[in-house]
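Below you'll find the structure, written out as structure tokens, and then a few comments.
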Amino acid sequence: MQNERSQGSKGFWKKVGGYIRPFIGIAVIAWAIWRMYIVFFVDAKFGPETWLRLAFSGLVIGGMYSLVAIGYSLVYGILGMINFAHGEVMMVGSFAGYFLIQALKQIPVPSAVMPEQTFLNAYPWLSVILAFAVGMTTAAATGYFLEKIAYRPLRNAPRLVPLISAIGASIFLQNAVQLLFSPQLRDYTNPDLLARGTGFALKVNDNSVMLTYTGVLAFLISISLMGLLYYVVQRTRLGRSMRAISQDKKTSALMGVNVDNVISKTFIISGLLAGAAGVMWGLQMGLINYFMGFLPGIKAFTAAVLGGIGSIPGAMVGGLVLGVIESIAPAAFGVDFQLKDVIAFLILILIFLYRPTGLLGTTIKEEKL
Amino acid sequence: MKNKSSGNKIVNPAIVASIVSIFLIMIGFNVVFAAIVSKAFGQNVISGSLSNPYFQIVFNAMMGFLVGWRVNQTRNFRGVLASSAAGAISGAIVAGFCLLLGIIYVNGGDFRSYLTALSPINVNFCLYGLPPIMGFLVTLVTFIIFAFLGGLLKLIPFGRFFSKPAGAVKSFFNKPSIQKTWHNKVFRIFLLILGLSALIILPRLWGSYWNYVIGTVGIYVLMGLGLNLIVGLSGQLVLGFAAFIAVGAYTAALLNAPEPHNLMLGSWIAFIVGIGLAAFAGALIGLPIMKLRGDYLAIVTLGFGEIMRISLKSDLLTSFTGGPRGIQDIKGPVIFGAAFNSDIDFMYLIIMAVAIAIFVTIRLQDSRVGRAWISMREDETVASASGVNPMKYKMLALVLGAAFAGLAGTIFATRNQFTGPEDHTLMVSINALAIVIVGGMGSIPGIILGAFALKGLPELLREFESYRMLAFGALLVAMMIWRPQGFWPAKRPALSKRVKPEDSPPPLPLDPNKEVGHD
Amino acid sequence: MTDVLQIQNVTKQFGGLTAVDNVSIDIPEKSISSIIGPNGAGKTTLFNCISGYYSPEDGKILFQGQPIQGLATYEVAALGIARTYQNIRLFKQLTALENILVGAQPHLTTGWLSAVLHTRKFKSEEYDALVEATHLLDHVGLKGCGDTVAVNLPYGAQRRLEIARALANRPSLLLLDEPTAGMNPQETESMAKFIATLRDDFNLTIVLIEHDMSVVMGISEQISVLDHGVKIAEGLPEEIRANPRVIEAYLGAGTQHLVDKFKRKKNNAA
């Protein structure tokens, strides 16, 4: 039987606050429906091939968001803090992959048909694997040192302190990369086999939709890594320790879990995933620079919250959902593509207004009184 | 007696030092540093070219010295040996790195496409223009010598040199006659007049450049004070402060510029409306974020800030906001018929605004409002259970803080006669946050200090401009680890001194049997 | 005598766990009552329901006849209910006097504008509050420590400061959560005596959560016993002391015969 709320002193603000949320919600939904009506029925200029193309690219980028989002969720679950510098970890991985490819481009492997062939095209799959390996390892190392230097000393400090430290680390990493490698945009050289813009051509209604090879590869790798991670978290001892620490750090330590060790490994794992996302980003989008981690970092955080911060499946789902929405929404609502980035922020705000626990729900850490 | 742990005390700092040195070399910092040092020696360096290579020795000497200083923890002669050993290790690594580069470059290699600071000229500079082997030896020896000196210097008990004079100074200031003068009302008024005259006269003396710089510092102090109410006192971690500043700036701009609306209402009206709208924006943002804590609050407010910037920049709203180009030719204030025509006038305006902000902050800090805010920052749950209405006070902090921001924004835009979306980026919010946190939360002198450090220092150290953000990031991390309370932590007032003797409780009866509790 | 606090059939659940299960307790006015029970029995949860931190799923809490369940904590404080905490929760960066002054918030009426303008009302209100805080500080034995930042005070002093902060509320009901935790026997005894005097000095009703039986038996007029969220006994100290269910709850099931054996031995020796 539901409890009756007693008559407290209801202030003016409470009353107003009570009306604002439903008001905003209804306004947003109404606007969305109106815009979609215009786009689909009045203008009607987008055919199914457009939606398919957008959905595909949304899934591809969503996969990358998922990988980074998992990193946010892992760290939040275990430390209760948002790793503000995680986007930069992705960026570092991306650069590492870039430099490896540049190096591979320098190794001549002449063949009879192509006398100027380089390693990159002679062994394209090996090159890609190496790029991922280098990118992921470098990002993992970055994550490891990030935790060791900027977060570990602040384990017991009030919330504000590690957050500022994270912001500082983020700024430091961005500028370090900028100073080391110059602000110029770098262009990923894909092996010819996986050149950007080539892919499977799907025929839809007399139009053809391209499912790019890089996109498909990225998506498959994302899903595989997510599956691997899920296995680690659910079935291995490390995963059990991670889950234990996220529920009760002190008791886990008392039970013999080496907390520092597990936390380091968590950062390493989230770094590996972010590094993979970084290399994917380079292969798929082409251009990278020192600032590339900022927006994807925030969007991935939004994805983690969307799915339920602290929840790994939530981060996976959230990333894919966010990627697709971000891709389709500007066209569906008929707004400028410039405002694409605003969508992620808006989603963030809406989630906090209406469902702070996220789509798949999460336990927001309660304090003990 | 070298066991593993003592080995670590030598090897670890050495490795860290060598990594830092190599990193600095890879970003070209050593070249810039050498240029500054040579400037100190009177040899000015044309920007773009290199100083005398021997100033690279100063760089290596400095790094060696720091290693040596750090390693000698035991402050005895064995420690000095340890320092030298550490110097040798780090010197070998750094020198080896330069040697490697030297050899590669001599044979035609070039890493410039990867590491832009490693041009052949710079690599040559690292080796002092000598052949690689010689460069290696010079670097190694420099490290060892200065590490030795660093360790040696630690043997000197500096504390003893300073304690006596420090004690003398302290006892001087505690003398009753000095204390009496300090608290004398006439003396205080005299100080006030002195300070005020300084504030009036100095802007006329120190020239347009300094007026501009100090004026910018003043605007940042204003921003810091505003954010201080929100973050420093009431503990709400708001990362989108730039949005409130933007409201103020754009209000002033839109009401006072020929495009896009040609309203030309005058600066004073713009100021008032700007402050009001910014305060309103604070209230508006406050409503949805009431229930958010800590990190979430930070990210959501960051989102608001970015939404504001992107919207201002978008083509969609250009007809209203001026779009990516911003708004130009904002007309300045006119007082008693005369227009503001120099930085001096703006300086006075900024001084007045900062004075008002400081006044309001001091009054609020030392009242039930300030105490309610700090109690919420320390422990919101218990504050609420003690009778503090969190929503009301959070709103108050946001509205007032946003109002300060609005004032800062209007002055900023009016002084620059321009404002645009790129004036209101995330970095502005982070700068304001750094001023508050690194200066000291809730501490007015800390915030002033922080603003000077953040905006004033870079002016003085122009050569290091490209490294400013790097240092900023490192500083944030370092401050949080070593001094999270800020450079100048806030001090709470000594309230007991205000209670008049007749209202105090009667003195303790000298009864040893009476324990806790008595009347 | 009227009951100042009536807890009626209160149930509080967290997911699958029922922390407080249909508990009803009546607290008479001006009494000193205790709530005891083994760890995890739901005592602090019950306090949290009273002070408004939790909203019970079921049941009512009446304070001076008015329902207060579901009110926000600051509203509950404004009604005159003050409390202390199991782990001391002072405002660490505020001085002792300032901590007490925060407790007095429900009585202060001036707003931010008066604070900025230093109106006469503001100044007199702040001064009176300061004087009262100084008296409270003295009453709990911390005279002279007013300007010390709270985090720098020793443990015992911090506990007493917390009580002073609660008293600043001018409450009618004072909830003390394990006030003698971490104290040695002398400190415990003097704290118990102090709590007993509080009731008369300040015209209060006091409810304690306590583990130290000497305190509980020494100063309580009514004891309620919780175990696993359920009230298993209630009554005068002598009744509780002899209650077999209570003994079992603390010592474990089936230990009653050991207690009887021990009592027989004691009687034989006497």
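Where a number appears in this text, it was derived from the coordinates with a stated rule and is not lab data. What you are looking at is a predicted structure, and each value in this text was computed from that prediction instead of being measured. When we count neighbours, we look across all protein chains shown, and the Cβ atoms used for this are built from the backbone with ideal geometry, even at glycine.
Structure summary
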| item | result |
| --- | --- |
| Calculated from backbone phi, Karplus (6.51, -1.76, 1.60) coupling profile of the stretch A:176-190 in Hz, x at Gly/Pro | 4, 4, 4, 6, 6, 10, 6, x, 5, 5, 9, 10, 5, 9, 7 |
| Per-pair calculated FRET efficiency, R0 = 45 Å: A:LEU238 and A:ARG35 via Cβ, rounded to 0.05 | 0.45 |
| For the stretch B:4-159: rounded, prolate or oblate by the Cα gyration tensor [a/c cutoff 1.5] | prolate |
| Candidate lysines for bridging to C:LYS43, where Cα separation is under 20 Å - those fewer than 8 sequence places away on the same chain excluded | A:LYS368, C:LYS12, C:LYS60, C:LYS231 |
| Amide H contacts of C:VAL4 (H built 1.01 Å from N, under 5 Å, at least 5 apart or other chain) | C:ILE27, C:GLU29 |
| The stretch C:72-149: relative contact order as a whole-number percent, Cα under 8 Å and 6+ apart | 40 |
| Distance (nanometres) between label positions extended 7 Å along Cα→Cβ at C:THR18 and B:PHE111 | 7.0 |
| For B:THR419, residues with placed amide H under 5 Å, excluding near neighbours | B:ILE327 |
| Charged-residue dipole, Cβ positions (Lys, Arg, Asp, Glu), the protein assembly as shown about Cα centre, Debye nearest 20 | 2120 |
| Relative packing of peptides B:298-309, B:180-191 - highest average C-beta neighbours within 10 Å first | B:298-309, B:180-191 |
| Tensor-based shape of the stretch C:203-270 (alpha-carbon gyration tensor, a/c under 1.5 rounded, otherwise prolate or oblate) | oblate |
| Cα centroid of the stretch B:397-434 to Cα centroid of the stretch B:120-147, whole Å | 48 |
| Violating pairs (Cα-Cα greater than 19 angstrom) within the set B:LYS497/C:LYS143; B:LYS500/C:LYS143; A:LYS299/B:LYS455; B:LYS9/B:LYS154; A:LYS299/A:LYS340; B:LYS497/C:LYS92 | A:LYS299/B:LYS455; B:LYS497/C:LYS92 |
| From phi via Karplus (6.51, -1.76, 1.60), per-residue ³J(HN,Hα) for the stretch A:292-305 in Hz, x at Gly/Pro | 5, x, 5, 5, x, x, 5, 5, 5, 5, 4, 4, 5, 5 |
| Spin-label pair B:ILE356/C:GLN64, simplified geometry with 7 Å Cα→Cβ offset, distance in nm | 4.3 |
| FRET efficiency for B:GLN73 and C:GLN8, using Cβ-Cβ distance with R0 set to 51 Å, rounded to 0.05 | 0.20 |
| The stretch A:18-354: C-alpha gyration tensor shape, a/c 1.5 cut-off, then a/b vs b/c | oblate |
| Cross-link partners of A:LYS265 among lysines (Cα-Cα below 17 Å; sequence separation of 8 or more within a chain) | A:LYS148, A:LYS249 |
| Residue of C:GLY146, C:GLY37, C:GLY15 that the Gaussian network model of chain C assigns the largest fluctuation, springs spanning Cα pairs under 10 Å | C:GLY15 |
| Estimated 222 nm signal from helices in chain B, with DSSP H stretches of n ≥ 4 weighted -39500 (n - 2.57), rounded to 500 | -22000 deg cm²/dmol |
| Acute angle (nearest 10 degrees) that the helix B:55-71 long axis makes with the longest principal axis of chain B, alpha-carbon atoms | 80 |
| Folded to 0 to 90 degrees: helix B:267-289 orientation relative to chain B principal axis, Cα | 80 |
| J(HN,Hα) series, the stretch B:130-147, from Karplus relation 6.51 cos²θ - 1.76 cosθ + 1.60, nearest Hz, glycine and proline x | 8, x, x, 4, 4, x, 4, 5, 4, 4, 4, 5, 4, 4, 5, 4, 6, 5 |
| FRET efficiency estimate (nearest 0.05) - Cβ-Cβ, C:HIS118 to B:LEU460, R0 35 angstrom | 0.35 |
| Average other protein chain Cβ within 10 Å of Cβ, residues A:214-227 | 0 |
| Listed residues A:ALA344, A:ALA166, A:ALA122, most fluctuating in chain A (Gaussian network, C-alpha, under 10 Å) | A:ALA122 |
| Degrees, to the nearest 10: B:368-378 long Cα axis against longest axis of chain B | 40 |
| Label-point separation in nm, A:VAL109 to A:LEU287, each point 7 Å along Cα→Cβ | 3.0 |
| Cut-off under 5 Å, modelled amide H: who pairs with C:SER220 long-range | none |
| Pair-distance profile P(r), taking every C-alpha pair of chain B, with 20 angstrom steps and integer % | 17, 39, 35, 8, 0 |
